1. Looking at 66, 116, can you tell me which residue is over 24 Å from residue 45 (Cβ atoms), more than 20 Å from the chain's Cα centre (by Cα) and not hydroxyl-bearing (Ser, Thr, Tyr)?
2. Which of (1) over 27 Å from residue 108 (Cα atoms); (2) of a type outside the set (D, E, K, R); (3) not in a helix (DSSP H, G or I) is the odd one out, the single condition residue 319 does not satisfy?
3. Just one of the numbered conditions (1) at pLDDT 80 or above; (2) within 14 Å of residue 208 (Cβ to Cβ) is not true of residue 353; which one?
4. Within the group 262, 230, 270, which residue is out of contact with any Pro (no Cβ under 6 Å at 6 or more places or on another chain) and either free of Cβ contacts under 8 Å to residues at least 40 places away in the same chain or small (Gly, Ala, Ser) (or both)?
5. For segment 275-290, check the following and say yes or no: at least one residue is over 19 Å from residue 144 (Cα atoms) and under 17 Å from the mean Cα position of the chain (by Cα).
6. Out of 254, 277, 283, which single residue is part of a helix (DSSP H, G or I), modelled with pLDDT of 90 or more and either among the hydrophobic types (A, V, I, L, M, F, W, C) or under 19 Å from residue 375 (Cα atoms) (or both)?
7. When you go through 83, 61 one by one, which is the residue that is small (Gly, Ala, Ser), surrounded by 19 or more Cβ atoms within 10 Å (Cβ to Cβ) and farther than 16 Å from residue 17 by Cα?
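The values are calculated or read from the model by the stated rules, or taken from the named source; none is laboratory data. The structure displayed is predicted, hence computed values, not measured ones. Virtual Cβ from ideal backbone geometry, glycine too; neighbours counted across all protein chains shown.
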Amino acid sequence: MRKNTPITLLSAGHACVDVYQGAVASLVPFFVAERAYSYAAVSGIVLAASLLSSVAQPVFGVLTDRWAMPWLLPVSTLLGGVGIALSGVSGSYALTLVFVAVSGVGVAAYHPESARVARIAGRGSHRGMGWFSLGGNIGFAVAPLMVAAVVATGGLRLTPLLVLPALVGAVLCLPVLRALERQKAAGTGTAVPARVDDKASFVKLSLAVVCRSIVFIGLSTFISLYAKERMGGSTVAGTVALFVLYLGGAVGSVLGGALADRWDRVTVARWSYLLSVGWVAGVVFVPGPAFYLFVALTSAGLYVPFSLQVTLGQDYLSSRIGTASGITLGLTVSIGGLASPLIGGIADATSLKTALAPLVLMPALSWLLFRTLPEPTVPQPADAARPEGDGTDAAALSPAGPDHG
């Protein structure tokens, strides 16, 4: 893929936002160590971040289908950062839940609009959406290192320093907003060809993403604690495991876009989920240093379909791209956090190994659902545009015009 400045900026901004999704799980060991929270209690924190995000993302998706709201990009980035920054300043469990929930709403507001704009900027390219998703994965991967560097040195009282990526992300959004304003002033727009929504396929896709979300958020919530158990109580082992989990996702996102250029998206996602069944089992059951290899393979396997699912959702629900983005990139991803308290409760009653074992079934369910999905055939690149008159075509987002990307 040739240089595409808007995609690069959106990807970088995505990294700055998703660092806060990763930060919630990264803070879990510190809440346990500093505040003696139980597995169930820290699961509640993850739930607080996920619950409001799950509800809010499709709402923001519907809104962005009706009105252009590019201003959401910097505003939501700042909101996501402020929530996490305040999460460690009070010893109150209730306030901690409120602050991480605020961060979750910020993340929820960012994703639908950014995914819509990224699709336009990438002209419907699988690689373009893959590069956009890569930014989010990098944010996830950086989160445990950033949290460890800040919180491990001075405790939870230093979480206000974690607002810095949000400030950077908000600034990165500004050039994209200026490009959108120039396009609006020029008064140009691109109409979307009329197509019938495939709602049945969209529902099946959404269920597959929910299953993926349950296993990924379940692992991201408890992998650092599980690694600490497996590796003799080392906090470093937990940080490394979480970093590997998120870094593998960055590799998987780029790989997914490349594979989809050779085979269709449904085939690539189906095989990836099938392989992930064995890799998740390896994380849970294989002893020794091989644990880290299976963490990396699991992450890559779960993220190969990630950006492909976003564009599939947009194609199945082509008349409502914002809604589709809010659900596939938001609701179904965040809703996995709803299972975290159940996993935590089982872990408190038995062991983490027992609690994590059912996660092996989740990618198998995703595989079964993908076996029933068709690969949509859509025109390019007009499908990436918004309905006529909202003025955000791909050329406008590229400073050098349509040949720049």
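1. 66
2. (1)
3. Just one mismatch for residue 353, condition (2).
4. 262
5. Looking through segment 275-290, none of the residues is over 19 Å from residue 144 (Cα atoms) and under 17 Å from the mean Cα position of the chain (by Cα).
6. Sole residue among the options that is part of a helix (DSSP H, G or I), modelled with pLDDT of 90 or more and either among the hydrophobic types (A, V, I, L, M, F, W, C) or under 19 Å from residue 375 (Cα atoms) (or both): 277.
7. So the residue among 83, 61 that is small (Gly, Ala, Ser), surrounded by 19 or more Cβ atoms within 10 Å (Cβ to Cβ) and farther than 16 Å from residue 17 by Cα is 61.
To keep it simple, each residue is scored yes or no on (1) within 30 Å of residue 60 (Cα to Cα); (2) modelled with pLDDT of 85 or more; (3) surrounded by fewer than 17 Cβ atoms within 10 Å (Cβ to Cβ); (4) in contact with a strand residue (DSSP E or B) (Cβ under 7 Å, 6 or more places away or on another chain).
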residue: 329; (1), (2), (3), (4): yes, no, no, no
residue: 334; (1), (2), (3), (4): yes, no, no, no
residue: 340; (1), (2), (3), (4): yes, no, no, no
residue: 357; (1), (2), (3), (4): no, yes, yes, no
residue: 374; (1), (2), (3), (4): yes, yes, yes, no
